[in-house]
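The values are calculated or read from the model by the stated rules, or taken from the named source; none is laboratory data. Everything numeric here is computed off the predicted structure, so don't read it as measured data. With ideal geometry, Cβ positions are generated from the backbone for all residues, glycine too; neighbour counts draw on all protein chains shown. Accessible surface is based on the protein model in full, side chains and every heavy atom, while ligands, DNA and RNA are left aside. Shrake-Rupley method; radii C 1.70, N 1.55, O 1.52, S 1.80 Å.
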Amino acid sequence: MDLTILYRGPLASCDYDCPYCPFAKRRDSTEQLRTDRAALERFTAWAGEQREDRLSVLFTPWGEGLVRSWYRRALVELSHLPHVKRVAVQTNLSCRTDWLREADRDTVALWCTYHPGQTPHERFVAKTRRLGELGVRFSVGVVGLPEHREPALRLRAELPEHVYLWVNAAEGHTYTDEQAAEWTALDPLFPFSHHPHRSAGLPCRTGESVISVDGDGAVRRCHFVRTEIGRLYDGSYRAALVPRPCPLTACDCHIGYVHLETLPLYDVFAGGVLERVPRELPGRAPLPVVPATGSA
């Protein structure tokens, strides 16, 4: 079967101090970093031994993973495994990029977030250009705060046309119709992020073909439903991979609602679900209208 794994270990430290992020500039102790490294190496070894499933892996650390050598090494190693279809990571792109030359660029991908005020604009753009030169698949996005609009417009103007620029609705922020329209003009898929999606009782791929794994090997259907459905390393999770409706009222995070079967996002991001790269790029082909019944 095809199995997608969202992996999130104990790493919580980040090299940025974004005011909208609770993990900004948090420090992990030396022991916490050792624990995170050991957990990731255990997971990578497990993935390498699998032969029953075709794996796709997205690393979603609370902190910034790519400034740690073990995350870079994990992406390189997993990218070369024949049964791994895609390995991707969410990153602020503050790390160096030349290590990606060692990876299989047909398999590795980056989901990059631009944080204006945390890094010089020119430095960030230069790194995206380097990704392009290396032939790495990636998307770039911003949090849709008012102060980010001008930097986002400037970024869009400097990115290659084929690179998708996404916009996440800021948590707790209310948008006027005019503001929402402005962000939608920049990212035609912004309406999917604008409002939480009703999910209670609706079919979702999580828990069946998509699972969340933490550093201890606990398996959950997704990051947002805390009930364990098995353990990774004793194989008990496999019996739990069955269709199941969402138990939550609503889903408001892309890494969650992208898997809802009531939304068309698997078609929109066909071939690029993990790295958030649409099959048909906004501006080049029509994109689906957000269903009116999909929002809470």
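Key figures for this structure:
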| read-out | value |
| --- | --- |
| Region 254-263 - residue that is among the β-branched types (Val, Ile, Thr) and in a loop (DSSP other than H, G, I, E, B) and, of those, farthest from the chain's Cα centre (by Cα) | 262 |
| Any chance residue 200 is at pLDDT below 95 and surrounded by fewer than 18 Cβ atoms within 10 Å (Cβ to Cβ) | no |
| Filter result for residue 53 (more than 26 Å from residue 32 (Cβ to Cβ), of a type in the set (Asp, Glu) and out of contact with any His (no Cβ under 8 Å at 6 or more places or on another chain)) | no |
| Residue check, residue 39 small (Gly, Ala, Ser), open to solvent by less than 30 Å² (accessible area, probe 1.4 Å) and within 30 Å of residue 116 (Cβ to Cβ) | no |
| Output for region 264-279, where each listed residue is under 12 Å from the mean Cα position of the chain (by Cα) and either open to solvent by 10 Å² or more (accessible area, probe 1.4 Å) or under 23 Å from residue 171 (Cα atoms) (or both) | 273, 274, 275, 276, 277 |
| Where a residue in region 130-141 is within 16 Å of residue 58 (Cα to Cα) and its partner, wherever it lies, is buried (at least 18 other Cβ atoms within 10 Å of the Cβ) and of a type in the set (Asp, Glu), with Cβ under 6 Å and at least six apart | 137/275; 139/275 |
| Residue selected from region 150-180 under the condition closer than 21 Å to residue 269 by Cβ and either assigned to a loop (DSSP other than H, G, I, E, B) or of a type in the set (Phe, Trp, Tyr) (or both), by the criterion most open to solvent (accessible area, probe 1.4 Å) | 161 |
| Tally, over region 72-116, of residues that are without any contact (Cβ under 8 Å) to a residue 12 or more places away in the chain and on the phi > 0 side of the Ramachandran plot | 0 |
| Candidate set: region 228-253, residues that are in a strand (DSSP E or B) and either closer than 25 Å to residue 37 by Cα or touching a residue at least 60 places away in the same chain (Cβ under 8 Å) (or both); chosen: the one least open to solvent (accessible area, probe 1.4 Å) | 230 |
| Residues of region 182-220 satisfying the condition of being in a strand (DSSP E or B) and among the hydroxyl-bearing types (Ser, Thr, Tyr) | 206, 212 |
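Residue-by-condition table, conditions (1) touching a helix residue (DSSP H, G or I) at 6+ places or on another chain (Cβ under 6 Å); (2) under 17 Å from residue 91 (Cα atoms); (3) not in a helix (DSSP H, G or I):
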position: 31; (1), (2), (3): no, no, no
position: 48; (1), (2), (3): no, no, no
position: 51; (1), (2), (3): no, no, yes
position: 72; (1), (2), (3): yes, yes, no
